[in-house]
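Report on the structure given below.
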């Protein structure tokens, strides 16, 4: 009889192998007879569950060493307001149906790696049993919402009444694949590719010239090849992510794990790489397969016949050219329950990358610039959430704002006004091979894509040095 430590070690070694081997065998086929829920996983993986409990993927908040105005708070989507679906607390779980009985929404917890309970600060047995390990580790796993308003709601495996089928799926354990990660990350923000812009479903099996990293004809990388850290902490932080899950292992293209800081044969390009991030040249555009949300106006709601529900105005765009700004790894964000700050154009900057031409730690990066319109509390100046799921059904945006403000902030009968917002979002995926990267004249020339003055230059540094063209 193996002891718990030896069994857990063997399991982890096998998980590192591909999801399937010859004859469609899987790493966990012989470790248990029947899947009885998360308690089956905890028999061998108690330590892993405890580590995952404290991670961003479970808490939806974390430490903020790279935010200059966080005051040391733990922040994330759970306790902030964003310009997409705003905040999950008032739309966490439960069925919202139309008058005709059509299911309109089931809550933000649909993409949380738990069975439906809100994550708590205190680790308890109930919270550990709430972790849904199969969300990220079982190929072909899916789930459904079960319950009602009286007894409560819970996410259960789609095959929860089919013991043989569930056992089969629960034993297909592997490291997270691209498909597993994309089922939440590609659909965030309310639709396919709406939020990120550079994380599309096609990345399951992309062509070589769509993403050289993830293509089976390229490096055939999975998300965890770059982002996996240790103890269920994820490497990497874009400018708009509040928390940093793994401070000790920042993710950079040129940290030596994949590429050195002089990756080009031409030294001219290597000199550029000291101040220009790889994303600038190697991601000339994003939203190449599915359009992305570039403007969301919650003040402009309407009923969509196609979707059968009330929706905000959303402007989708395809083949978007990024904007460019300096970024030194630090950000400033609009905090919840703090008076909103406005830029020179009267907009709230939800996330601002920090850095400048004079900052030796900064490089020019590629960004998606998302614009929005959100409510702000009249007296306190706080930016407010929307009770999105209920709005889908009743279409009363003022009620949706007031209900969410009460749920999240405890403020009753909120009086508010609408304001414009902008958010800088890092672009890191859909990387082009060398022959698809930008050329010199894409930036240095009459049709430049860069705003040189905004980057701190009086003009294009090569102005007057390039041959004139008709």
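The values are calculated or read from the model by the stated rules, or taken from the named source; none is laboratory data. In this text the structure is predicted, and so the values were computed from the model without any measurement. When we count neighbours, we look across all protein chains shown, and the Cβ atoms used for this are built from the backbone with ideal geometry, even at glycine.
Looking across region 344-357, the residues that are in contact (Cβ under 8 Å) with a residue 40 or more places away in the chain, within 25 Å of residue 428 (Cβ to Cβ) and over 20 Å from the mean Cα position of the chain (by Cα) come down to 347, 348, 354, 356, 357. More than 28 Å from residue 223 (Cβ to Cβ) and touching a strand residue (DSSP E or B) at 6+ places or on another chain (Cβ under 6 Å): is that true of residue 452 in this structure? Taking the combined requirement at face value, the residue does not satisfy it. Every listed requirement among (1) surrounded by 22 or more Cβ atoms within 10 Å (Cβ to Cβ); (2) in contact with a strand residue (DSSP E or B) (Cβ under 9 Å, 6 or more places away or on another chain); (3) assigned to a loop (DSSP other than H, G, I, E, B) is met by residue 350 save one, (3).
Every condition in (1) in contact (Cβ under 8 Å) with a residue 40 or more places away in the chain; (2) closer than 17 Å to residue 186 by Cα; (3) assigned to a loop (DSSP other than H, G, I, E, B) is met by residue 221 except one, and the failing one is (1).
Only helices (runs of 4 or more DSSP H) whose full extent lies in region 359-470 are considered here, and none of them has at least 2 residues that are without any contact (Cβ under 8 Å) to a residue 12 or more places away in the chain and surrounded by 21 or more Cβ atoms within 10 Å (Cβ to Cβ). Within region 231-248, being out of contact with any strand residue (DSSP E or B) (no Cβ under 9 Å at 6 or more places or on another chain) and more than 20 Å from residue 50 (Cβ to Cβ) holds for one residue alone: 236.
Hey, among 196, 175, which residue is touching a helix residue (DSSP H, G or I) at 6+ places or on another chain (Cβ under 9 Å) and modelled with pLDDT of 95 or more?
196
Among the candidates 255, 293, 262, which residue alone is buried (at least 16 other Cβ atoms within 10 Å of the Cβ) and closer than 29 Å to residue 234 by Cα?
Numbers: 255 fails: buried (at least 16 other Cβ atoms within 10 Å of the Cβ); 262 fails: buried (at least 16 other Cβ atoms within 10 Å of the Cβ).
Selected residue: 293, the only one of 255, 293, 262 that is buried (at least 16 other Cβ atoms within 10 Å of the Cβ) and closer than 29 Å to residue 234 by Cα.
Every residue, every condition in (1) surrounded by fewer than 19 Cβ atoms within 10 Å (Cβ to Cβ); (2) over 25 Å from residue 352 (Cβ atoms); (3) at pLDDT below 95, yes or no:
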{"site": "24", "(1), (2), (3)": "yes, yes, yes"}
{"site": "31", "(1), (2), (3)": "yes, yes, yes"}
{"site": "43", "(1), (2), (3)": "yes, yes, no"}
{"site": "46", "(1), (2), (3)": "yes, yes, no"}
{"site": "53", "(1), (2), (3)": "no, yes, no"}
{"site": "101", "(1), (2), (3)": "yes, yes, yes"}
{"site": "115", "(1), (2), (3)": "no, yes, no"}
{"site": "126", "(1), (2), (3)": "yes, yes, no"}
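Does residue 343 satisfy the condition of being touching a strand residue (DSSP E or B) at 6+ places or on another chain (Cβ under 6 Å), modelled with pLDDT of 95 or more, surrounded by fewer than 16 Cβ atoms within 10 Å (Cβ to Cβ) and under 28 Å from residue 285 (Cα atoms)? For residue 343, the condition - touching a strand residue (DSSP E or B) at 6+ places or on another chain (Cβ under 6 Å), modelled with pLDDT of 95 or more, surrounded by fewer than 16 Cβ atoms within 10 Å (Cβ to Cβ) and under 28 Å from residue 285 (Cα atoms) - is met.
So that you can scan it fast, the table gives a plain yes or no per residue for (1) in contact with a strand residue (DSSP E or B) (Cβ under 6 Å, 6 or more places away or on another chain); (2) closer than 22 Å to residue 85 by Cβ:
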site	(1), (2)
123	no, no
126	no, no
129	no, no
132	yes, yes
140	no, no
148	no, no
152	no, no
158	yes, no
164	no, no
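When residues in region 220-237 are screened for being more than 27 Å from residue 323 (Cα to Cα) and either surrounded by fewer than 17 Cβ atoms within 10 Å (Cβ to Cβ) or out of contact with any helix residue (DSSP H, G or I) (no Cβ under 6 Å at 6 or more places or on another chain) (or both), 8 of them pass.
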